[in-house]
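Take a look at the structure below.
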Amino acid sequence: MTWLITGGAGYIGAHVVRAMTEAGERTVVYDDLSTGVAERVPAEVPLVRGSVLDADGVARALAGHEVTGVVHLAAKKQVGESVDRPLHYYRENVEGLRVLLEAVTRAAVPSFLFSSSAAVYGMPDVDLVTEETPCHPLSPYGETKLAGEWLVRATGRATGLATASLRYFNVAGAAAPDLADNGVSNLIPMIFERLGEGTAPRVFGDDYPTPDGTCVRDYIHVADLAEAHVTVARALRSSPGTALTLNIGRGEGVSVREMIDRVNAVTGYDRPPTVTPRRPGDPARVVASAARIAAELGWHAKYDVQDMVVSAWEGWLRDHPEAARS
Ligand code: WQD
């Protein structure tokens with residue numbers, strides 16, 4: 001059994017590769033290295049450089065490595081950019097997936113795990129978001145993930161491919177400093193960047209209907225997320241024809257203010273944030289119900305927010321040693 005991990009040189013993908021290989025699964029990485037980093041792929045794991053839009057390249061990788069399952073993470077993931085470049089996002093995330101599914105079907109690969117997102121829910125008006133909560137994505141990014149889920153499920157129905165769509169909530173932390181997120185597009189790295197520059201972290205709005213007025217999110221350690229992929233991949237292998245849709249979160253809401261306080265404590269900075277106007281399109285509260293994956297597959301997150309901040313900071317210091325407080 002060999003798993004092709006598309007996007008396996010990315011932040012989340014590299015964690016998935018590591019968790020799968022440590023669990024004894026054979027893996028091959030397929031990545032165009034547009035944002036991925038080859039050094040993140042372990043030396044013993046083959047790295048095929050290619051785009052999921054390249055039908056022949058995908059077909060060669062599937063046949064050449066006798067692939068029997070695909071974990072598809074290769075995608076564009078910046079919400080703001082997707083608003084400016086919707087056609088690019090639809091091409092990369094939807095057309096790329098369609099090409100990949102065609103190759104997977106032709107090669108009769110039996111299992112397919114798709115990286116989806118809590119962005120499919122949009123602005124959910126519930127305390128805990130379940131997989132039954134209606135999906136109303138607010139950005140082209142979220143739309144491409146929802147359309148992706150439809151493609152995956154329809155292909156499963158038509159061909160018997162076992163499928164899973166994992167809806168990631170807010171992913172953070174690192175299993176090792178060299179695997180840390182090297183982008184600065186999410187809250188924790190954005191706080192680090194501001195503190196390191198000597199400026200105050202920003203709170204995008206403190207007039208939301210939440211306990212402290214700032215947005216509440218459900219943060220999940222990337223190592224836990226990677227373990228969830230191992231669990232789900234194995235479930236697909238043992239249940240041909242199955243179709244899973246699962247939230248990957250912890251069910252605990254953390255506000256922006258709480259996160260900034262925690263980052264200040266972990267990093268040794270003591271800089272109160274400044275409040276700026278709301279960022280357009282931000283929902284007040286998005287917190288997962290993680291009950292379905294627990295009930296169906298017995299998976300639970302092991303790490304807490306402190307673990308996420310500490311490990312993310314170790315990764316940040318590796319690339320920004322000047323940010324350390326003496
Ligand atoms: C978290 C909260 C900001 C920076 C996005 C996608 C989602 C998923 C994860 C891919 C928000 C606030 C942020 C700052 C702040 N991506 N914030 N000051 O928007 O919840 O989720 O990334 O799948 O689909 O939508 O994540 O980390 O950008 O923001 O106040 O300097 O922090 O307003 O409330 P978000 P985020």
Multiply the residue separation of Ser34 and Asp127 by 0.36 nm, subtract the distance between their alpha-carbon atoms, and state the gained length in nm to one decimal. 29.8 nm
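Over every pair of different alpha-carbon atoms in the chain, take the mean of 1/r and invert it; report that Kirkwood radius in Å.
Details: mean 1/r = 0.0499 Å⁻¹.
Result for the chain stands at 20.0 Å.
How much mean residue ellipticity at 222 nm does the chain get from its helices, if each DSSP H run of length 4 or more adds -39500 (n - 2.57) and you divide by all residues, to the nearest 500 deg cm²/dmol?
On the way: 11 runs with 125 residues, N = 326.
When only DSSP H runs of four or more count, the value is -11500 deg cm²/dmol.
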Among 145-153, 235-243, the order from most to least packed when residues are scored by Cβ within 10 Å on average: 145-153, 235-243
For region 86-198, alpha-carbon Rg relative to the globular expectation (2.2 N^0.38 Å, N residues): 1.28
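Roll a 1.4 Å probe over the protein chains and send me the accessible area per residue for region 164-320 in Å². Before the final figure, lay out each step's value.
Details: 6410 Å² over 157 residues.
Result: 41 Å² per residue.
Order these peptides, 87-95, 224-232, by their mean beta-carbon neighbour count within 10 angstrom, highest first. Don't jump to the answer; show the numbers that get you there.
On the way: 87-95: 17.6, 224-232: 23.1.
Highest to lowest by the protection proxy: 224-232, 87-95.
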Can you return the aspartates and glutamates within cross-link range of Lys145? Criterion is Cα-Cα under 15 Å, with same-chain partners fewer than 8 residues away left out. Glu81, Glu92, Glu95, Glu131
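Kirkwood hydrodynamic radius, computed over distinct alpha-carbon pairs, for region 25-171: how many Å, to one decimal? Kindly include the intermediate steps, with their values, before the conclusion.
Values: mean 1/r = 0.0623 Å⁻¹.
Taking every pair of different Cα atoms in region 25-171, averaging 1/r and inverting gives 16.0 Å.
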Quick one: divide the alpha-carbon radius of gyration of region 236-283 by 2.2 N^0.38 Å and tell me what you get. 1.97
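Would you kindly calculate the mean projected area, averaged across all directions, of the convex hull enclosing the Cα atoms of region 177-218, in square nanometres?
On the way: hull surface 16.1 nm².
Answer in nm², one decimal: 4.0.
How much of the accessible area of region 98-255, probe 1.4 Å, is carbon plus sulfur, in whole percent?
C and S fraction of accessible area: 50 percent.
Expressed as cubic angstrom per residue, what is the convex hull volume of the alpha carbon set of region 1-84? Mind dumping the intermediate values first?
Numbers: hull volume 7.5 nm³, N = 84.
Value for region 1-84: 89 Å³ per residue.
The values are calculated or read from the model by the stated rules, or taken from the named source; none is laboratory data. Owing to the predicted nature of the structure, the values given are computational and were not obtained by experimental measurement. All Cβ positions, glycine included, derive from the backbone under ideal geometry; neighbour counts span all protein chains shown. Quick note on the areas: whole protein, heavy atoms, side chains included, nothing else; ligands and nucleic acids left out. Shrake-Rupley method; radii C 1.70, N 1.55, O 1.52, S 1.80 Å.
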